[in-house]
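The values are calculated or read from the model by the stated rules, or taken from the named source; none is laboratory data. Just so it is clear, the model here is predicted, and its values are computed rather than measured. Glycine also receives a Cβ, built like all others from the backbone with ideal geometry; neighbour counts cover every protein chain displayed.
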């Protein structure tokens, strides 16, 4: 009775095991079929591209990553080479002693293999200029054959030495996994080394079992395939992140360069609206040498009413930063603000001299993950305010504004007849170091204030690039001329370039005041501007009963409003772009 029962139990257990295996196979396929299909699709496309000679069909970014990855591998090879050359040299010494102690074909083979491994290392150190990235694959094939031959030769060793020999071969495979690129040689290397190690262990211990084969197959797949793939994936991700960071920095630098033509600078504020880092734009706007790092931006405003307006202006951003990052309301607010134009507000800043300088503030909230902190940051950008007086109604509106928001109109520009500037063309913003102004009095209005701004402050934002190009070109002529030689005066009309002065300067003469004695000296230019009559006044409107009353608080863009018959002033001010994080 026991024998039939045991046979029935075995049959039942076998049937249950088969059913469980089929069920496990179905579950495994349903879970992994998408990944298997994706892997097969990539493998087939890679094989097709490789067979047709198209390679990886790399995009510009992928080609850039591949090139950098090869450079990283070359650096790793040079680093490992400096270490391995000493290890291989010691091995040659030990193998030589072994051969002298007991001469044999086996000892001579190991000695020759050590010398063959030493030669590439010492050649790379002796002549690094001869090595290039194109030699990586030939070197990979050379060391693969060398290590495989060494593994097969280890089969004739005794049991006491076989583990040490195979361990050395395995360590060489690990080094190759970090140095050489993944390819067809990698797959062949994994299979060949697994077969060689299994054969060597069978020769040493007299038997080859299933578990021995599985162990060496898994070990060599891990060392020869999985390890280099994981390493390459990690390095690729690091390279892509590095390139994206570099591209972002380049774009930011380009945008900052572009913003210099339309605004006066940017500020980075933290969640408490304190200034982060230096603020050279504030130093220029406020004519101050103070370091504004850590200062609260609202404290720089002229009066309490302006601070109240700024607080209301920044309230949505503050609400977003205080809200939970996972809240749906905060996400909706951030997503809606992402595609919208930055909000703008005109506020007065109080200079150390007591003068109120109006700036147009653009505010952009930044992601809370900036710098890896949970606090919110804000970016603020600003550009110079240039208002337009078109009628007495504007002055009336200005008189009704708060004291901190009123413009300081400079009458001297209205009476300016001629102006000569000494410009230092070697500075970034064309510093005006001397100025000669000639006026003709036309009114008995109170005396006005006149500052000494840079030439960029005189020019309208959109006109600055053209003016800068003309002056830089003449300065280049002066700089390239021989020392002690006077450069001829250059005269040209600038019909499309307008300075923020009454009317439009019709002509400008550019000359260098004196020849330079040394090549390292700054380049100075004289700008002689004439023709400030301006365009004729606009015709009188036929609708005499209708009047337009412009509002100073309205925003007309960084350069202010301008048009036919517009009367330009030199009111001090600026546009400030605020970034908050």
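Does segment 253-293 hold any residues that are on the phi > 0 side of the Ramachandran plot, assigned to a loop (DSSP other than H, G, I, E, B) and surrounded by 14 or more Cβ atoms within 10 Å (Cβ to Cβ), and which are they? Give the steps one after another, and end with the answer.
The initial filter retains those residues of segment 253-293 that are on the phi > 0 side of the Ramachandran plot, namely 265, 273, 277, 287.
Restricting the remaining residues to those that are assigned to a loop (DSSP other than H, G, I, E, B) gives 273, 277, 287.
Result: 273, 287.
Filter segment 85-105 for residues that are touching a helix residue (DSSP H, G or I) at 6+ places or on another chain (Cβ under 6 Å) and within 28 Å of residue 135 (Cβ to Cβ) and give the result.
Within segment 85-105, 85, 88, 91, 92, 95 meet the criteria.
Hey, does segment 35-48 have a residue that's surrounded by 10 or more Cβ atoms within 10 Å (Cβ to Cβ) and either modelled with pLDDT of 85 or more or assigned to a loop (DSSP other than H, G, I, E, B) (or both)?
Just the residues of segment 35-48 that are surrounded by 10 or more Cβ atoms within 10 Å (Cβ to Cβ), to begin with: 36-48.
Checking which are either modelled with pLDDT of 85 or more or assigned to a loop (DSSP other than H, G, I, E, B) (or both) leaves us with none.
Checked segment 35-48: no residue is surrounded by 10 or more Cβ atoms within 10 Å (Cβ to Cβ) and either modelled with pLDDT of 85 or more or assigned to a loop (DSSP other than H, G, I, E, B) (or both).
Out of all the residues in segment 191-204, which are surrounded by fewer than 21 Cβ atoms within 10 Å (Cβ to Cβ) and either closer than 26 Å to residue 42 by Cα or at pLDDT below 80 (or both)? Lay out the reasoning, then the answer.
From segment 191-204, those surrounded by fewer than 21 Cβ atoms within 10 Å (Cβ to Cβ) are 191-192, 195, 198-199, 202-204; that's our starting set.
Of everything in segment 191-204, those that are surrounded by fewer than 21 Cβ atoms within 10 Å (Cβ to Cβ) and either closer than 26 Å to residue 42 by Cα or at pLDDT below 80 (or both) turn out to be 191, 192, 202, 203, 204.
Could you list, in sequence order, all residues of segment 90-107 that are part of a helix (DSSP H, G or I) and loosely packed, with under 14 Cβ neighbours inside 10 Å?
As a first pass, look at segment 90-107 and keep what is part of a helix (DSSP H, G or I): 90-101, 105-107.
Result: 90, 93, 94, 97, 100, 101, 105.
Among the residues of segment 146-181 satisfying the criterion of being surrounded by 17 or more Cβ atoms within 10 Å (Cβ to Cβ) and outside any helix (DSSP H, G or I), which is modelled with the lowest pLDDT?
Among those residues, the one meeting the criterion is 157.
Residue under question is residue 317, and the condition is that it be under 28 Å from the mean Cα position of the chain (by Cα), more than 22 Å from residue 281 (Cα to Cα), modelled with pLDDT under 85 and outside any helix (DSSP H, G or I); does it hold?
Details: under 28 Å from the mean Cα position of the chain (by Cα): yes; more than 22 Å from residue 281 (Cα to Cα): yes; modelled with pLDDT under 85: yes; outside any helix (DSSP H, G or I): no.
It is false that residue 317 is under 28 Å from the mean Cα position of the chain (by Cα), more than 22 Å from residue 281 (Cα to Cα), modelled with pLDDT under 85 and outside any helix (DSSP H, G or I).
For segment 108-116, does any single residue satisfy the condition of being in a helix (DSSP H, G or I) and without any contact (Cβ under 8 Å) to a residue 12 or more places away in the chain? Please lay out each step first, then the result.
Of segment 108-116, the ones in a helix (DSSP H, G or I) are 108-116.
From what's left, without any contact (Cβ under 8 Å) to a residue 12 or more places away in the chain: 108, 112.
Yes, some residue in segment 108-116 is in a helix (DSSP H, G or I) and without any contact (Cβ under 8 Å) to a residue 12 or more places away in the chain.
For residue 142, are the conditions met, namely being in the same structural domain as residue 235 (by TED's automatic domain parsing), closer than 21 Å to residue 88 by Cβ, touching a helix residue (DSSP H, G or I) at 6+ places or on another chain (Cβ under 8 Å) and surrounded by fewer than 17 Cβ atoms within 10 Å (Cβ to Cβ)?
yes
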